[in-house]
Amino acid sequence: MVDHAMEIPEHPTSTGLNNVKLAMWAFLASDCMFFGSLIAAYMVSKGRNVVGPYPEDLINIPFTSVSTFVLLMSSLAMVMALHGIQTGSLARFRIWTVATGLLGLVFLGGQIYEFTEFAHEGLSISHNLFGSTFFTLTGFHGTHVAIGVIWLFSMVLASFKPGLVTQRKSLNVEVAGLYWHFVDIVWIVIFTLVYLLY
Amino acid sequence: MASTSHHGGAPHVEEHAHPDPRQYIRIAVVLAIITALEVAIFYIKALEDYDTYILLPLSALKFILVVGYYMHLKFDNKLFTYTFIFGLSVGGGVILSLMALFDRMF
């Protein structure tokens, strides 16, 4: 077990917890509301398309299952990166963070491929209800993934500057990890509601 | 379990240690198995009428595993859990309310 000391604030706070980490959890809570609204819009409009193409004509479960697996494994890589920095291994932090970012890029590549395929089939964001709600929901999720990838690679670059990414400052990696895992749990919900239960 | 506290009048904060890599890998294997199970259920015609009742709990289980172990909510201070559950409840409430309003329940 990793004995962590990230909850010890550098200066006293009213909660006794690190404010950055608490702020990240508050942000993730607000992002739950944001994605809740987008998912609600998708669920309400589901099955009400007047014109095709319809979800059953487009959705490719084997392909999306692989994308889902890739994103789940990126979460594993992220916790391994956090464990690396918490145990003082900068090398392991870099390897696993790069792995996380690359898996994120693979996921994004899959999403771009899927969007392109759907567009070739005649679906656009303004074509029907499915197009509007699907592209908005998965597009915002993809944007979150892209921001996460940029954040991860920025941390790797920062780690080459002495003192920026250290065991003592591992909370910064943990906060980035929280964001990354959130992107993963949002996809867990999207995969079930949008793909498996279309 | 690690117990932390600091001076300056702030409350005592009790924390548990995070899992080790072996536990992280075990969770990843479970997540992969559940995903494979979900996809298998999607293709089983006999379960077509029940897929919602099977897939939603499986999805919830994956969600809980990631939040609990990878995001460390199981081990961290409960204030983080309460903060997240508040947002999650509002988000989930919006989904259920709108689905009920538009008569779109599962």
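Taken together, the values in this text are just the output of simple stated rules run on the coordinates, not laboratory data. None of these values were measured; they are calculated from a predicted model. Here the Cβ positions follow ideal geometry from the backbone for every residue, glycine too, while neighbour counts run over all protein chains shown.
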Original post:
Which shape class, rounded, prolate or oblate, goes with segment B:8-103 when its Cα gyration tensor gives a ≥ b ≥ c as root eigenvalues, a/c under 1.5 marks rounded, and past that a/b bigger than b/c marks prolate?
Top reply: oblate
Subject >> segment A:84-198: relative contact order as a whole-number percent, Cα under 8 Å and 6+ apart >> reply: 34
Subject >> Structure-based [θ]222 nm, the protein assembly as shown - -39500 (n - 2.57) summed over DSSP H runs of at least 4, per residue, nearest 500 >> reply: -23000 deg cm²/dmol
Original post:
Normalised by the residues of segment A:1-134, what does the relative contact order come to in percent, with Cα pairs under 8 Å and at least six apart?
Top reply: 27
Subject >> Virtual spin-label span in nm between A:ILE125 and A:ARG48, 7 Å along Cα→Cβ >> reply: 2.0
Original post:
Which lysines have a Cα less than 29 Å from the Cα of B:LYS45, not counting those fewer than 8 places away in the same chain?
Top reply: A:LYS46, B:LYS62
Subject >> Footprinting exposure proxy for A:TYR54, A:TYR179 (fewest neighbouring C-beta atoms within 10 Å first) >> reply: A:TYR54, A:TYR179
**OP:** Mind checking which of A:MET24, A:HIS120, B:ILE41 is farthest towards the positive end of the protein assembly as shown's charge dipole, using Cβ charges of +1 (Lys, Arg) and -1 (Asp, Glu) about the Cα centre?
**Re:** A:MET24
**OP:** Would you mind getting me the FRET efficiency between B:GLN23 and A:ALA91? Use the beta-carbon distance for r and R0 = 22 Å, nearest 0.05.
**Re:** 0.50
Original post:
When a footprinting reagent is the concern and you count Cβ atoms within 10 Å, what order do B:ILE95, B:ILE44 take, fewest first?
Top reply: B:ILE44, B:ILE95
Subject >> Label point at B:LEU47 placed 7 Å out along Cα→Cβ; residues across segment A:170-198 whose backbone nitrogen lies under 20 Å >> reply: A:188-198
**OP:** Just report the Cα centroid separation between segment A:123-198 and segment B:70-96, whole Å.
**Re:** 18
**OP:** Quick one: which residues, 5 or more positions from B:HIS18 or on another chain, have an amide H under 5 Å from its amide H? H modelled 1.01 Å from N in the peptide plane, none for Pro or chain starts.
**Re:** A:VAL2, A:HIS4
